[in-house]
Structures are given as C-alpha cells and as structure tokens.
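Notes follow the structure.
The values are calculated or read from the model by the stated rules, or taken from the named source; none is laboratory data. Computed from a prediction, not measured in an experiment: that's the story for all the values here. Cβ placement follows ideal geometry from the backbone for every residue including glycine, while neighbour counts extend to all protein chains displayed.
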C-alpha cells in the first residue's frame with residue numbers, strides 16, 4: 001500500500017514538475033516579449049515629450065503588475081471562500097500563496113508607479129487615489145501574513161486567515177472608491193473621464209497590443225510564482241505531518 | 001434508545017499541533033451514573049471534557065449526548081450541559097446574584113428568581129449574593145461556579161476538578177449536592193486528583209493515561225488501597 | 001433532539017427553542033452584562049476617554065505653531081483619535097474574556113453564537129459613542145471649532161457602527177493570538193481606510209459649509225460599509241470557535 005501511494009505521488013510530482021517547467025519557460029518568454037514590445041515596438045505617446053515620453057513606457061509594466069495583483073487577490077479570496085466551505089487545506093495554501101505573490105506584484109505596481117510619477121507629477125509620492133488604494137491593499141495583505149504568523153495551530157491559522165482574507169478583499173473596492181472621491185490627479189487611461197489628469201495620453205494600436213502582452217505576461221508570472229509557492233507550502237505541511245507522526 | 005448512555009464518546013482523537021492529546025477514547029456514562037475520570041496532569045482529562053461539552057471539536061470520533069450529536073442537535077443541545085471548568089466562568093465585577101441572573105437569561109429559565117435563590121442556597125452563598133465575585137475567596141468562587149453549572153438543571157454534568165480550592169466543608173457540601181443531583185435522569189462525569197473522593201463519590205472510575213482510557217472499574221467493594229494500586233499500575237509504562 | 005432528553009425530568013426549569021425575540025433578549029443580556037461590568041470597573045471607558053482627551057491635547061500642541069487655522073486639521077484629529085481610542089476598547093471586548101477564561105461560559109449558552117457578536121458590538125458601540133460625546137466639546141475648546149452638527153454626528157454614528165462591527169469580529173479573532181494588543185490595530189486600521197476617508201471628507205465638507213449634495217455620497221459609502229461588514233461578520237462569527 002505504501003509503495004502504491006509512493007509511486008502515485010511520484011507520478012503526480014512529475015506532472016506538477018512538467019507543468020511548472022512549462023509555465024516557467026512561458027513566463028520567461030512572455031516577459032522577454034513584453035520588454036521588447038514596451039521598449040521598442042510600442043510607438044511613443046504623441047502628446048508627451050522628453051522624459052515624460054520615455055517614462056510612459058513603464059506604464060506597460062505598471063499596468064501588467066496591476067492586473068497581476070488583481071488576479072492574485074481575486075485568487076486569494078476564491079481560495080478563502082472555498083476553504084471556509086470545504087475546509088480543504090489545499091485551498092488555504094492557495095490563499096496564502098496568492099497573497100504572497102500578490103504582495104510582490106503589488107509592490108511592483110507601487111514602485112513602477114512611483115518611478116513614473118517622478119517625471120510626470122514631479123514627485124514620487126502623492127495621495128493619488130489609486131496609489132493610496134494599492135498601497136493600503138498591500139499593507140492589508142502584509143497584515144494577513146503577520147496575523148497568520150501569530151497563530152500557532154495550523155487549522156486555526158487557515159480558518160482565521162481565510163476570514164481575514166475575505167474581509168480584506170471586500171474592503172478593496174470601498175477603499176478604492178473613497179480614495180478616488182477623496183482626491184484625484186491620476187490619469188484614467190481607459191475611462192476618458194479624467195483626461196485632464198496630469199500625464200495622460202491617448203492610446204494607439206501598438207500600445208494596445210503591448211498592453212495585451214503585458215497582461216498575459218503578468219498573469220503567467222503570477223501563475224508560475226503562485227503554483228511554485230503553493231507546492232512548497234504543500235511540502236512544508238506534508239513534512240510537518242510526517243514529523244508529527246514520527247514523534248507520536 | 002432511552003436505556004442507552006446519556007454521555008457517549010466514541011473513538012475520540014485530538015491533537016494540538018504536533019502533540020497528540022487523546023488517542024482514541026471510548027466512554028459511556030449511563031443515566032443515573034456518576035463516573036470519575038482519573039489521570040495525571042496532561043493525560044487529556046480537560047481536553048476530553050472540552051470535547052464532550054462541544055467547546056472543542058475532536059479530530060476523529062463522535063460525542064453523543066442522549067443520542068444527539070452537536071452536528072444534528074445544534075446549539076439547543078448545549079442546554080443539556082452543565083460545566084465546571086478550571087476557570088470559574090464568572091464575571092468578577094458582577095455580584096454572585098448578577099452572575100446567575102445573566103446566565104438565567106442566556107438559558108431561558110422559566111422562573112429565574114426562584115431558581116437563582118435555590119442555586120445560591122444550594123452552594124451556601126445566599127448571604128454573600130450581593131457582593132462582587134472579585135471579593136470572594138477561592139472556595140466561594142468555586143462554589144458559585146458550581147451553582148452556575150447546575151442553575152439550569154442540566155442532565156449532563158461535567159465537573160473538571162470541582163473540588164479544587166474547596167475546604168473540607170466545601171467538599172462535603174459538593175458531595176451532598178452530587179448525591180442530591182444524582183437522579184435517574186442525570187449523568188455526571190467529574191475529574192479529581194483526590195483518589196478517595198474519586199472512589200467514594202462515584203459509581204465507576206475511569207483511568208486516563210496518555211490519551212487513552214486504560215482502566216474502567218466499578219467502585220462497589222473497592223477500597224482506597226485498591227484504587228491506589230490500580231492507579232499506580234495504570235500509570236506505569238508498559 | 002433526542003426523545004430521552006426532552007422527556008426527562010431535569011428540564012422543566014427552561015423554555016426550549018426560541019424565536020427572534022429570545023435571540024434579541026440574549027443579545028441584550030450580553031450587552032447589559034458588559035455595561036454593568038464596566039459601570040463597576042470603569043476600565044474600558046475610563047482608559048478610552050482619558051486617552052482621547054490626551055491625544056486631542058497632544059495634536060493641539062503639535063499643530064499649534066505650524067497650522068494657521070485649527071479647523072483645517074480638526075476633522076483629521078477627530079477621526080484619528082476616534083480610531084485609536086477605539087482600538088483600546090475593542091482589544092478588551094474579547095481580550096478581557098480570554099484573560100479571565102470566561103469565554104466558554106458564553107460559548108456554552110444555548111443560542112446562536114452570533115448573539116455574542118451582536119451583544120459585544122452594541123456594548124462597544126456604546127463605549128465609543130460615549131467617548132465621542134466627550135471628545136466633541138474638548139475639540140471645541142482646543143481647536144475652537146464646533147463639530148456638533150447634524151451631518152457630522154450622523155457620520156460619526158455610521159462610521160462608528162462600521163468600526164465596531166469589523167473591530168468586534170477582529171477582536172474575537174485576535175483574542176487568543178500571540179501579541180494580541182498590537183495585532184488588532186495592524187489588522188483593523190488598514191480596513192478602516194474607507195471609513196476614515198469618508199469621515200474626514202464629510203466632516204471637512206460640513207465645516208466648509210458645502211451643500212448636502214456635495215457630501216451625500218460619503219454617507220452612502222459609510223452605509224454600504226456598515227451593511228457589507230455586519231452581514232459578513234454575522235455569517236462568519238460562528239466559524240471562529242470551531243477549531244481549538
């Protein structure tokens with residue numbers, strides 16, 4: 001029986017391994033394609049000049065990070081809801097892995113935003129609503145990790161973590177809208193409602209294509225990192241269980 | 001069904017993080033029966049009490065009270081439990097009477113005032129009923145904790161070391177109360193470190209060693225020396 | 001329910017079952033217990049109000065020389081101090097029960113456990129509103145600005161409901177965690193950003209003499225916040241006690 005499970009787990013390990021490798025390669029290729037498209041292929045923004053025109057190219061990374069973080073946090077709330085319904089630890093690991101990946105990509109959003117803001121708005125930091133909302137979001141999820149860390153029992157960790165992740169996600173739209181109404185100088189690229197926002201630009205065909213590459217690349221990046229981390233967490237828990245069995 | 005055990009515990013296992021606390025406990029207490037749970041500190045007595053009262057969920061196994069489980073009985077099943085635990089489960093800033101009045105509301109008592117008076121008299125705290133629990137001695141707090149547990153006349157009484165902090169008079173009072181409460185409709189499970197009390201007060205004793213019940217014996221015809229021998233032998237590693 | 005238990009002799013002292021009226025009676029019993037206990041000990045309310053007054057005075061001193069008009073910062077001070085003073089009270093709601101080990105008594109009671117949540121929520125709401133009632137005249141004295149206006153009061157009530165509804169749930173989550181006292185604000189404050197911004201913007205709007213239609217949407221945000229989080233907290237509260 002034990003040999004059977006062992007060989008079964010070996011096949012599943014090999015399956016995951018292949019998926020992971022494929023994802024990693026795809027991510028690397030997509031990222032290279034994004035660099036090329038963002039720096040060379042996309043036409044410069046016509047209504048901008050000098051530093052601002054150059055800085056605009058970071059927008060593709062910025063938007064990619066933004067989408068990647070959004071997908072990550074959507075995944076985390078999915079994981080937490082499914083965990084609360086099924087109590088399947090795999091879903092708790094999905095929540096944790098998504099949040100950890102989301103924090104990294106979310107920090108990417110904030111950093112690329114700040115780098116772009118220096119030439120465009122002449123400051124790294126402003127109380128721009130999107131900047132505020134994404135920074136608060138990253139802080140909320142860092143609090144999630146701290147909170148988990150402060151709980152000893154593994155199942156309590158999963159349960160309380162899932163409850164907090166649910167609250168965290170629900171607060172994001174409210175944070176976003178209140179920040180938006182509070183104060184806004186951020187260019188809204190797709191709405192057209194806030195074109196007088198400083199540093200705004202019209203979007204052309206090559207730009208749209210580059211944006212799509214960015215979206216795909218960052219979704220792949222999220223999947224690769226998240227699945228890698230998820231498998232690692234799985235091994236950690238399995239190791240812990242073995243240790244428990246050994247000592248009991 | 002009605003002749004079956006009032007408290008029925010089957011195959012309970014529980015671990016806290018790495019450490020297994022209960023490793024498959026089976027126990028049945030019939031109506032009208034008093035059973036003592038004996039065991040060293042850390043043997044799992046308190047964890048078992050918490051699981052039977054529904055405060056903690058077992059990893060495996062099932063608890064049934066009068067044939068109903070917490071899964072099917074829901075929160076109404078909690079009416080049938082009276083618990084005395086290591087902590088008094090009382091509010092220090094309220095008086096003895098206010099504490100009982102609060103719990104009378106939570107348990108929907110029909111005639112709360114009469115019932116509170118009965119409970120206060122039963123544990124001999126009537127004269128001190130208006131004083132804050134903060135000012136009570138350890139023994140008085142413990143007696144009020146007992147009054148709280150029996151206030152709603154529960155058919156299942158779980159007493160986790162109810163004699164801690166009680167002087168001889170308090171212990172005698174508790175013994176008398178147990179005899180008075182020992183009716184055909186009630187099952188009592190209690191833990192203690194005092195072997196002669198365990199023998200004298202109960203119908204059966206169960207020995208819990210390292211998360212398992214290793215001995216179950218009737219107290220009929222048992223002497224203190226018998227129980228001591230049993231306890232010593234059970235605790236010895238195999 | 002088993003036939004044995006409902007026919008047995010030990011039960012007649014209790015009414016079994018219970019509709020919404022009994023549920024509300026239990027919620028109120030818990031709130032009443034909290035208020036009674038607080039009335040004797042004066043632990044929570046005392047600390048909260050003294051902290052609030054101190055904080056207002058410290059802010060007053062901090063801004064004294066640098067800010068030309070005090071009413072410019074008064075809305076921010078009002079909401080910051082409310083949030084920080086609130087953390088102290090919310091830490092105690094379940095923290096005190098966890099310290100004394102009295103929580104099982106509530107968990108053992110035959111009622112839906114959400115009654116515990118609502119009972120605690122109402123008590124915290126009362127403590128916070130009481131603190132705010134003391135804060136407003138102090139702000140009037142120190143910052144020379146009258147915040148006792150209908151829409152500001154409405155925002156305070158709505159914002160405080162949202163705050164204690166999330167805070168009571170998180171208080172229960174952190175009650176048994178390590179470093180409880182520091183963990184609660186870290187979890188709670190970032191989720192309070194919508195309440196905080198709505199509160200500050202609305203208070204500022206009223207002080208600037210704007211018309212109702214200019215700050216109406218903030219009341220909307222506060223109401224939406226309250227509804228969403230009270231509902232979710234109600235749904236998940238019972239789950240908290242399942243492990244352990």
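General observations
- Residues satisfying the stated conditions in region C:169-198, i.e. in contact with a helix residue (DSSP H, G or I) (Cβ under 7 Å, 6 or more places away or on another chain) and at the interface with chain A (Cβ under 7 Å from one of its Cβ atoms): C:173, C:177, C:183, C:186, C:187, C:190, C:191, C:193, C:194, C:197, C:198
- Checked against the criterion of being closer than 14 Å to residue A:217 by Cβ and surrounded by 15 or more Cβ atoms within 10 Å (Cβ to Cβ), the candidates A:39, A:61 yield just one match: A:61.
- Just one residue in the set A:70, A:166 is within 10 Å of chain C (Cβ to nearest Cβ) and either surrounded by fewer than 19 Cβ atoms within 10 Å (Cβ to Cβ) or over 22 Å from residue C:182 (Cβ atoms) (or both); that residue is A:166.
- For region B:1-12, a tally of residues being assigned to a strand (DSSP E or B) and surrounded by fewer than 17 Cβ atoms within 10 Å (Cβ to Cβ) returns 2.
- Filter pass, residue A:137 being touching a helix residue (DSSP H, G or I) at 6+ places or on another chain (Cβ under 6 Å), more than 7 Å from every other protein chain (Cβ to nearest Cβ) and at pLDDT below 95: yes
- Residues located in region C:36-59, provided they are surrounded by fewer than 19 Cβ atoms within 10 Å (Cβ to Cβ) and farther than 20 Å from residue C:164 by Cβ: C:40, C:53, C:54, C:57, C:58
- Strands (runs of 3 or more DSSP E) wholly inside region B:32-142 that include at least 1 residues being within 11 Å of chain C (Cβ to nearest Cβ): B:60-65, B:81-84
- Looking only at residues of region A:140-159 that are at the interface with chain C (Cβ under 8 Å from one of its Cβ atoms) and under 13 Å from residue A:93 (Cα atoms), we find that the one that is surrounded by the most Cβ atoms within 10 Å (Cβ to Cβ) is A:159.
- For the criterion of being over 18 Å from residue B:158 (Cα atoms), within 21 Å of the chain's Cα centre (by Cα) and surrounded by 20 or more Cβ atoms within 10 Å (Cβ to Cβ), residue B:107 fails.
- Test result for residue A:97, in a helix (DSSP H, G or I), within 11 Å of the chain's Cα centre (by Cα), at pLDDT 95 or above and under 30 Å from residue A:41 (Cβ atoms): no
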